[in-house]
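Peer 1: Following this message is one structure expressed as structure tokens.
Nothing in this text is a laboratory measurement; each read-out follows from the coordinates by a stated rule. Note that the structure is a prediction, hence the values are computed from the model and not measured. Here the Cβ positions follow ideal geometry from the backbone for every residue, glycine too, while neighbour counts run over all protein chains shown.
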Amino acid sequence: MTTEFNPVAMDTKWRRRWATQGMYRTPDPSDRPTFYCLDFFPYPSGDGISVGHLRNYIPSDVVARVMRMRGYDVLRPMGWDAFGLPTENAAIETGRHPEDLTTEWTANYRRQLDLAGTSYDWDREINSSHPDYYRWTQWVFLKLYEQGLAYRSTGLQWWCPVCGALANEEVNADGTDWRGHADITRRELTQWFFKITDYADELIDGLDDLDWPEETVRAQVNWIGRSDGADICFTTDDGDVISVFTTRPDTLFGATFMVLAPEHPLVSRITTDSHAVEVRDYVDAAARKSELDRVALDPDKTGVFTGGYAINPVNGEALPIWIADYVLMSYGSGAIMAVPAHDERDFAFASKFGIEIRPVVAPPDWDGMPFDEAYLGEGSLVNSGEFDGLGVDDASSAVTQWLKDRGTGDFAVNYRLRDWLISRQRYWGTPIPIVHCDDCGAVPIPEAELPVVLPRVDQFDVQELRGKSPLEAAEDWVQTACPSCNGPARRETDTLGGFACSSWYFLRFCSPHEDGRPFDPEAVRRWMPVDLYVGGGEHRVMHLLYARFWTKALRDAGVLELEEPFRKLRHQGMLLAQPGWTIESDLQVDSQGSARVIATEGVDAYDAPGAAQSYRHYPLDAKFDLTGARSDREGVSLVEFRATKMSKSWRNVVTPDEVAATVGGDALRVYTLFMGPFDRTLPWSEQGLAGVSRWLGRVWNLVLGQTVRESERRQDMSTDVEVKLRRRLHQLVRRVGEDIDALKFNTMVAALMEFTNFLIEIDDEDIRTSKAWQEALETFLILLAPSAVFMAEELWERLGHTRSVHEQEWPAWDANVAADETFTLVVQVNGKVRERIEASTAIDEMQARRLALASPRVQAHLQGLEVHKVFYRQGRLINLVVR
RNA sequence: GCGGGCGUGGCGGAAUUGGUAGACGCGCGUGGUUUAGGACCACGUGGUGAAAACCGUGGGGGUUCGAGUCCCUUCGCCCGCACCA
């Protein structure tokens, strides 16, 4: 057997053997505790994965492996969120079918994940674009439909020429969509929605008991955006009622005008003849503008007066009614009462158009002068009739109650959250299981007839179809019989957006081969909720909110006994490409500092201007974001570039394939763990990777006893060394366990490195033949196994074991063995460190004081001064305060 | 504008949560060993200083015997959200 360290051959050997043995198959039900360790459902793309994706999968894989070794039954599945636009678009470009692309791409993902030594149970692999799966996505849709949680509605919807209809949350403020497409417009469309707003309060309250990152909880709460206030009715001259929502009913006496959204249905009725032209122009302009500019916030308010008035129910005043696009039709009732004295936007508007600004809440030290800006703080009411003198909170409820008693208002709650738009006018998605019948209307497909199979069409290019959706064009498929009356009917041609597939997959993983139902309730009871859920922070709102909503809706449908799907959630940090320096003359640089490689043979990048050699070669057309710093390398001018996102178009992606083929899967894993905190954005470093690879090589040599260092008998007493070795080993077991539980993988690796440094230091003939050494090596390999999965296994086998290192029990540590005998007593004088003394951990304060005072260096700092006070920390330090 | 995060050596980052600042790794330096190799080994490496010592966690101030850690203030970078009444 060769003793040469050859990671690539070793990786292949063990990958094969583990696959044949079914090493990572999920255990059958037992009475052992369970642990469900899940990663976000990945979307397979043609580019495959980069080492950046592995910052998600490797750390959670370590946790899964450790939990197995700790005696848990672990569910560690993986599957593919395979329906979606990128695949469909790639299909259009390449002239191939999305189904075929999906098959290839998912196989490639799986192969790449295996390169990194992940321990997924591939027997449970699922694919959301397979009828076996989407049949049950359709089934869930029907459950929601039965409960009135899926409905159709017309309205203005965002529309992307590439993606079709978009949900509001898929549109960015700059007028692009969530995938970066431009030319987003709004269209009148009939669409399917899920009534997630019914669950708004529950989705807020449910967050309380979850172990989730604080920012994510906050983001969800903000996204749902609950506001408590009142609905207030204003009546126009014609007797129309305008209902407005306000969070500040206490300021009702300060309302000096009203504003309707341009799309408000009453606009035309309220507008008087003399203002008709202006109003129509404004509404038209707003409609056009709504495409882009309305979202891109323009600080300058615009609006026009309609000529109409409405009566303030609290004091009978007639308020002029304006229309302005700063009022959104989609929030509240699309109309507001404007209180310029106490609302910034209303203040800006009133100032611009010369409308009265009437204070009704007096700031504490107010001198009665007009406001320079809206006052939003606490105070007592003025100019408010019988409510004068009340505080803001009391006044809010008092005014609302007053209105309620008279039938002109009531307490009310509003949410920022909108219903979930789920229709897509695209091909590569789950067909919506609905049929439209002239007589019966929208009719759900009976459960027994599921799945509604997505037909394999050849033309799915929306542009070729001239705006028709691909399924609409599939006439044979569209024409069907009504399940209710058996008359001619047409199938729904919208498909479900991808978020539907990922809103319940975690349930399917519990029993992925279940035939007659979406999941086996027994299996779900056994595994759910997910114990550790790891994925990117970019999904902290939508995916996680939708999945929670489906969980609750399925519970209410009586098919699930579960409140929340994900008990503990964590987000991994992003991985950036390595920053560095490169040759200026090979770049084309624009004024913004973006550079592109124009040298046909590419360009070398250096870690530092003086670095001995290049760490990477970038090809033609690679891009850099320059910092502006420049330097010189042997007369050649260099420029510095930043760490930026890895992206195919920048040609700076590092793939697991290239890393696994050079330094192996273990170096890839360990470096990913070691580079820095798990949840932090970090740059890749080829040198950092090389450092880890060197360490693995040292471990290899150490375990196989081929250390280069010449053994010399220089240890004092080998029994002392053995005691020390055992102590260090037990301390290591403790540290590694604690770090993994805290997801501090970087310090876990550091601890393993320190331990090997220690072993190398004490390595000699005597210790090597001791029992303690043997025990240390074996325990160390077990601790190393979740991180360096291949090498630990290979070395374990070479030490003579037949049963896999990954099936060993996680070691325990003994506090008595781990306890230090001595510590470094830090001696401070007036808080400054003056001496360090090695002392027994057993010493008390008096002994510590004696030791400290005995030190000449301490004495030098005490000269002529009196020890005034002493602070002693057992096992740590002593601070002598003198004066 | 609102919300959140982060500022520690040349670099990625540690720091028992108020108690030795800089673990571990990279890079760098010196020496050795091989000498084609991005190889290996030993020692060193925050700054100033010959030393004693002093300075040092973006800046300023404070609390404390003691502050990277707590409080106030200020600057810089990054990420979300976008007129939500």
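Peer 1: If I model a spin label as a point 7 Å beyond the Cα along the Cα-Cβ vector, how far apart are those points for A:Lys832 and A:Asp205 in nm?
Peer 2: Computed distance between label sites A:Lys832 and A:Asp205 equals 6.1 nm.
Peer 1: Rounded to the nearest 0.05, what FRET efficiency do A:Arg226 and A:Ser153 give with R0 = 35 Å and r taken as the Cβ-Cβ distance? Could you check? The partial results should precede the final answer.
Peer 2: On the way: r = 22 Å, r/R0 = 0.64.
Rounded to the nearest 0.05, the efficiency is 0.95.
Peer 1: Estimate the FRET efficiency between A:Ala854 and A:Asn757 by the formula 1/(1 + (r/R0)^6), using the beta-carbon distance for r and 41 Å for R0, to the nearest 0.05. Mind showing how you got there, number by number?
Peer 2: Values: r = 33 Å, r/R0 = 0.80.
With R0 = 41 Å, the Cβ-Cβ based efficiency is 0.80.
Peer 1: Taking 2.2 N^0.38 Å as the expected size of a compact globular protein, what ratio does the Cα radius of gyration of region A:770-850 give against it, to two decimals?
Peer 2: Dividing the Cα radius of gyration by 2.2 N^0.38 Å gives 1.75.
Peer 1: Let me ask something additional. Which pairs in the list A:Lys568/A:Lys832; A:Lys645/A:Lys744; A:Lys301/A:Lys645 are over 31 Å apart, alpha-carbon to alpha-carbon? Walk me through the numbers before you get to the answer.
Peer 2: On the way: A:Lys568/A:Lys832 43 Å; A:Lys645/A:Lys744 23 Å; A:Lys301/A:Lys645 37 Å.
Exceeds cut-off: A:Lys568/A:Lys832; A:Lys301/A:Lys645.
Peer 1: Now for a different question. With each pseudo-label sitting 7 Å past Cα toward Cβ, what's the A:Thr480-A:Glu356 distance in nm, one decimal?
Peer 2: Placing both labels 7 Å along Cα→Cβ, they lie 6.2 nm apart.
Peer 1: Then there is this: A:Lys143: which aspartates and glutamates have alpha carbons under 12 Å from its alpha carbon, excluding same-chain residues fewer than 8 sequence positions away?
Peer 2: Hits, sequence-local ones excluded: A:Glu447, A:Asp556.
Peer 1: To the nearest 10 degrees, how steep is helix A:392-405 against the longest Cα principal axis of chain A, on a 0 to 90 scale?
Peer 2: Relative to chain A, helix A:392-405 is tipped by roughly 40 degrees.
Peer 1: Right, next: Taking the Cβ of A:Ala412 as the centre, find all other residues whose Cβ is under 13 Å away and add up their charges (Lys, Arg: +1; Asp, Glu: -1). Show your work: numbers first, answer last.
Peer 2: Values: positive: A:Arg226, A:Arg248, A:Lys404; negative: A:Asp228, A:Asp231, A:Asp410.
Net charge in that neighbourhood comes out at 0.
Peer 1: Normalise the Debye intensity by I(0) for region A:579-642, one equal point scatterer per Cα, no solvent, then take log10 at q = 0.21 Å⁻¹ and round to two decimals.
Peer 2: Debye intensities relative to I(0), on a log10 scale: -0.74.
Peer 1: Put one equal scatterer on each alpha carbon of region A:435-494, apply the Debye formula with no solvent term, and list log10 I(q)/I(0) at q = 0.21, 0.29 1/Å to two decimals.
Peer 2: Per q value, in the given order, log10 I(q)/I(0) is -0.83, -1.20.
Peer 1: Taking the alpha-carbon centroid of each part, what is the distance from region A:838-883 to region A:666-685 in angstrom?
Peer 2: 43 Å
Peer 1: Follow-up. What are the ³J(HN,Hα) values, in whole Hz, obtained from phi via the Karplus relation 6.51 cos²θ - 1.76 cosθ + 1.60 with θ = phi - 60°, for each residue of region A:745-753 in sequence order, with x given for Gly and Pro?
Peer 2: My calculation for region A:745-753 gives 5, 5, 6, 4, 5, 4, 5, 5, 5 Hz in order.
Peer 1: Amide H of A:Asp39 versus every other amide H placed in the peptide plane: which residues, excluding those fewer than 5 positions away on the same chain, fall under 5 Å?
Peer 2: Residues meeting the amide H criterion: A:Val534.
Peer 1: Something else now. So if I take the alpha carbon set of region A:661-818, get Rg, then get Rh from the Kirkwood formula, what is the Rg over Rh ratio? All intermediate terms of the calculation are to be shown ahead of the outcome.
Peer 2: Working: Rg = 15.7 Å, Rh = 16.3 Å.
Answer for region A:661-818: 0.96.
Peer 1: Restricting everything to alpha-carbon atoms, can you work out Rg to Rh for region A:341-395 with a Kirkwood hydrodynamic radius? Working shown, then result.
Peer 2: Values: Rg = 11.3 Å, Rh = 11.6 Å.
Dividing the radius of gyration by the Kirkwood radius yields 0.97.
Peer 1: Separate question: Which value in nm describes the separation of the simple spin-label points at A:Arg345 and A:Asp741, placed 7 Å from the Cα toward the beta carbon?
Peer 2: Placing both labels 7 Å beyond Cα along the Cβ direction yields 4.9 nm.
Peer 1: Moving on to the next point. Please report the spacing between the Cα centers of region A:299-332 and region A:531-556 in Å, no decimals.
Peer 2: 39 Å
Peer 1: Here is a further query. Considering every Cα-Cα pair within region A:226-415, what fraction, in whole percent, is farther apart than 19 Å?
Peer 2: Working: 10455 of 17955 pairs.
Value for region A:226-415 (Cα pairs over 19 Å): 58 percent.
Peer 1: Separate question: Given all pairs of different Cα atoms, what value in angstroms does the Kirkwood hydrodynamic radius of chain A take?
Peer 2: Details: mean 1/r = 0.0305 Å⁻¹.
About 32.8 Å, per the Kirkwood formula over Cα pairs.
Peer 1: In addition: Quick check: the angle from helix A:85-94's long axis to the longest principal axis of chain A, C-alpha only, nearest 10 degrees?
Peer 2: 80 degrees
Peer 1: Each residue of region A:822-829 in turn: what ³J(HN,Hα) in whole Hz from Karplus with 6.51, -1.76, 1.60 and θ = phi - 60°, glycine and Pro shown as x?
Peer 2: Values, residue by residue: 10, 8, 8, 7, 8, 10, 10, 10 Hz.
Peer 1: Still on this structure, please answer the following. For the pair A:Ser631 and A:Arg32, what calculated FRET efficiency results from E = 1/(1 + (r/R0)^6), where r is the Cβ-Cβ distance and R0 = 56 Å, to the nearest 0.05?
Peer 2: Values: r = 59 Å, r/R0 = 1.06.
Approximately 0.40, to the nearest 0.05.
Peer 1: Right, something else. Could you list which residues have their amide H under 5 Å from that of A:Thr302, counting only those 5 or more apart in sequence or on another chain, with H placed in the peptide plane?
Peer 2: Long-range HN contacts for A:Thr302: A:Asp325, A:Tyr326.
Peer 1: Further question: Kindly express, to the nearest 10 degrees and within the range 0 to 90, the angle between helix A:542-556's C-alpha long axis and the longest C-alpha principal axis of chain A.
Peer 2: 80 degrees
Peer 1: Gap in Å between the Cα centre of region A:86-112 and the Cα centre of region A:435-488?
Peer 2: With region A:435-488 and region A:86-112 each reduced to a Cα centre, they are spaced 25 Å.
Peer 1: If you build the convex hull over the alpha carbons only and average its shadow over all orientations, what do you get for region A:822-882? Give it in nm² to one decimal. Don't skip to the end; give the middle numbers.
Peer 2: On the way: hull surface 13.5 nm².
Computed as one quarter of the Cα hull surface, the answer is 3.4 nm².
Peer 1: Here's another thing I want to ask about it. Going through region A:826-879, which trypsin sites (Lys or Arg not before Pro) have at most 13 other Cβ atoms within 10 Å and a DSSP loop state?
Peer 2: Working: sites: A:Lys832, A:Arg834, A:Arg836, A:Arg849, A:Arg850, A:Arg857, A:Lys869, A:Arg873, A:Arg876; in loops: A:Arg876.
Here the trypsin sites (Lys or Arg not before Pro) that fit, given the DSSP loop and packing criteria, are A:Arg876.
Peer 1: In Å, the Kirkwood hydrodynamic radius of region A:203-324 over pairs of distinct alpha carbons? List each step's numbers first, then the result.
Peer 2: Numbers: mean 1/r = 0.0588 Å⁻¹.
Result for region A:203-324, one decimal place: 17.0 Å.
Peer 1: Another question, if that's okay. Could you pull the Cα extents of region A:422-570 along its three principal axes, largest to smallest, in whole Å?
Peer 2: On the principal axes, region A:422-570 reaches 47, 35, 25 Å in Cα extent.
Peer 1: Moving on to the next point. Under the √(5λ) rule applied to the eigenvalues of the Cα gyration tensor, what semi-axes describe the equivalent ellipsoid of region A:1-146? Give them in Å, descending. It would help to have the intermediate numbers written out before the result.
Peer 2: Details: eigenvalues 180, 110, 31 Å².
Listed largest to smallest, the semi-axes of region A:1-146 are 30, 23, 12 Å.
Peer 1: Based on DSSP H runs of at least 4 residues, each adding -39500 (n - 2.57), what is the mean residue ellipticity at 222 nm of chain A after dividing by all its residues, to the nearest 500 deg cm²/dmol? Intermediate results must be reported in sequence, preceding the final value.
Peer 2: On the way: 27 runs with 294 residues, N = 883.
Mean residue ellipticity at 222 nm (helix-derived): -10000 deg cm²/dmol.
Peer 1: Same structure, new question: For A:Thr430, enumerate residues with amide H under 5 Å from its amide H, sequence gap 5+ or separate chain, H modeled in the peptide plane.
Peer 2: A:Leu496
Peer 1: Based on the Kirkwood radius over alpha-carbon pairs, what is the Stokes-Einstein translational diffusion coefficient of region A:509-605 at 37 °C with 0.692 mPa s viscosity, in µm²/s?
Peer 2: Working: Rh = 18.0 Å.
Rounded, D is 183 µm²/s.
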